[in-house]
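First comes the structure, then the notes that go with it.
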Amino acid sequence: MSYDVIVIGGSYAGMAAALQLIRARRKVLVIDAGKRRNRFAEESHGFLGQDGVDPAEIAGKARGQLLAYPTLTWVEGNAERAEGEKDAFVVTTADSARHHGRRLLFATGVSDTLPAIEGLGERWGRNVFHCPYCHGYELDQGRIGCIATGPMSLHQAQLLPEWGEVTLFLNGAFVPDEAQRADLAARGVTIEETPVARLEGKADVRLADDRLLPFAGLFTASQVAPASQIAEHLGCSIEATPFGTQIQTDATKESTVPGAFACGDAARVPHSVSLAVGDGAWAGAQLHRSLVF
């Protein structure tokens with residue numbers, strides 16, 4: 001069977017794109033490995049109409065709505081390889097099944113490379129966050145720690161005082177100059193230069209000198225990369241951003257390989273559920289237009 005579009009990745013962006021296409025009565029295959037980036041979070045915030053809802057509930061409801069359309073096929077598993085060209089792509093899954101499609105959409109999401117700090121990984125998405133718009137309000141203007149990962153962390157530390165009293169842990173990631181230090185001081189940000197040893201409790205920071213500093217929540221900037229290299233192996237160009245790397249696309253969300261599109265966290269910055277859904281909806285419409293014109 002040949003599909004109009006094969007969507008690789010069935011999270012928010014992929015499903016938003018698929019919805020536009022199946023409502024145009026196009027045959028769509030979604031291949032999904034079931035690993036949403038926000039699977040560790042108990043609540044999703046900042047998404048209109050779904051504020052405070054379990055992200056798994058949002059994704060499950062969306063999938064159920066998509067499956068009600070007769071032109072949608074959903075396959076659970078990993079897409080291992082993509083090859084071919086516009087109007088003649090082939091995607092091979094981990095079980096060696098081969099799926100044919102006229103267009104491809106990479107909505108693979110991203111993987112996060114976190115600071116190598118003991119205790120941080122298990123708190124990621126629960127007490128350690130990357131987006132204050134998604135999680136800042138719930139900290140109730142309490143004490144916030146910002147763990148630096150590089151020069152971009154300056155911007156994060158400058159923004160976070162909107163949500164509480166901020167301490168910036170430089171942790172050897174960068175050295176702010178005098179003007180930057182003055183700006184942070186004017187915003188009420190405390191700079192802590194002692195390295196972080198580990199995280200304890202809910203969101204407590206143990207320093208190398210054994211001091212323990214408690215916080216309502218912590219923020220850090222992970223480095224991201226597409227969660228799968230399948231697009232790169234097809235020949236899609238990958239570009240650098242201040243947050244890591246992503247699949248390069250034009251204004252229509254088409255990659256550098258004709259007929260292969262990309263959307264969501266793997267193809268745009270910054271990242272949130274709302275932005276992923278919007279990006280996916282736009283990509284779906286543009287994919288449909290590419291099949292018509």
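Note down the relative contact order for the stretch 115-220 as a percent, whole number, built from C-alpha pairs under 8 angstrom at least six residues apart.
Over the stretch 115-220, the number comes to 34 percent.
Using a ≥ b ≥ c from the Cα gyration tensor of the stretch 2-43 (square roots of the eigenvalues), is it rounded, prolate or oblate, where a/c under 1.5 gives rounded and otherwise the larger of a/b and b/c decides, a/b for prolate?
Here the stretch 2-43 falls in the oblate category.
If you take the square roots of the eigenvalues of the alpha-carbon gyration tensor of the stretch 1-120 and sort them as a ≥ b ≥ c, do you get rounded (a/c under 1.5), prolate (a/b over b/c) or oblate?
oblate
Within the chain, what percent of beta bridges assigned by DSSP are antiparallel, to the nearest 5?
The answer is about 45 percent antiparallel.
Report the chymotrypsin sites (Phe, Trp or Tyr not before Pro) located in the stretch 17-96 that are in a DSSP loop and have at most 15 other Cβ atoms inside 10 Å of their Cβ, or state none.
Values: sites: Phe40, Phe47, Trp74, Phe89; in loops: Phe40, Phe47.
Here the chymotrypsin sites (Phe, Trp or Tyr not before Pro) that fit, given the DSSP loop and packing criteria, are Phe40.
Tally Lys/Arg at +1 and Asp/Glu at -1 over every other residue whose Cβ is under 13 Å from the Cβ of Glu43; what's the total?
Around Glu43, the surrounding residues sum to -3.
Once you've got the GNM for the chain with C-alpha springs shorter than 10 Å, pick whichever of Gln229, Gln246, Gln65 has the biggest mean-square fluctuation.
Among Gln229, Gln246, Gln65, the largest GNM mean-square fluctuation belongs to Gln65.
Just flag the GluC sites (Glu not before Pro) in the stretch 185-218 sitting in loop per DSSP whose Cβ has no more than 16 other Cβ atoms within 10 Å.
On the way: sites: Glu192, Glu193, Glu200; in loops: Glu193.
Qualifying residues, ordered by number: Glu193.
Given a 10 angstrom Cα cut-off, can you work out which residue in Ile117, Ile147, Ile58 is the most mobile in a GNM of the chain?
Maximum fluctuation in the GNM of the chain, among the listed residues, is at Ile117.
Let me check against my output: what whole-number percent is the relative contact order of the chain, with C-alpha pairs under 8 Å and at least 6 apart? Could you put the intermediate results ahead of the total?
Numbers: 637 pairs, mean separation 65.0, N = 293.
RCO, the chain: 22 percent.
Which of the three applies to the stretch 108-224, rounded, prolate or oblate, going by the alpha-carbon gyration tensor with a ≥ b ≥ c and a/c under 1.5 meaning rounded?
Since a/c stays below 1.5, the shape of the stretch 108-224 is classed as rounded.
Could you tell me which label, among (i) 6, 29, 37, 21, 5, 1, 0, 0; (ii) 6, 31, 39, 21, 2; (iii) 6, 27, 29, 20, 13, 4, 0, carries the value of P(r) over Cα pairs in 10 Å bins from 0, in percent calculated for this structure?
Of the labelled values, this structure produces (iii).
Most fluctuating residue of Gln248, Gln223, Gln180 in a GNM of the chain with Cα springs under 10 Å: which is it?
Residue with maximal mean-square fluctuation among Gln248, Gln223, Gln180: Gln180.
Could you tell me the number of lysine pairs in the chain with C-alpha atoms less than 22 Å from each other, where the two lysines are 8 or more residues apart or belong to different chains?
5
Counting each DSSP H run of 4 or more residues in the chain as -39500 (n - 2.57), what helix-only mean residue ellipticity at 222 nm follows after dividing by all residues, to the nearest 500 deg cm²/dmol?
Here the helix-only value at 222 nm equals -7000 deg cm²/dmol.
Every number in this text was worked out from the coordinates using simple rules, so none of it is lab data. All values reported here derive from a predicted model rather than from experimental measurement. Cβ: placed from backbone, ideal geometry, glycine included. Neighbour counts: every protein chain shown.
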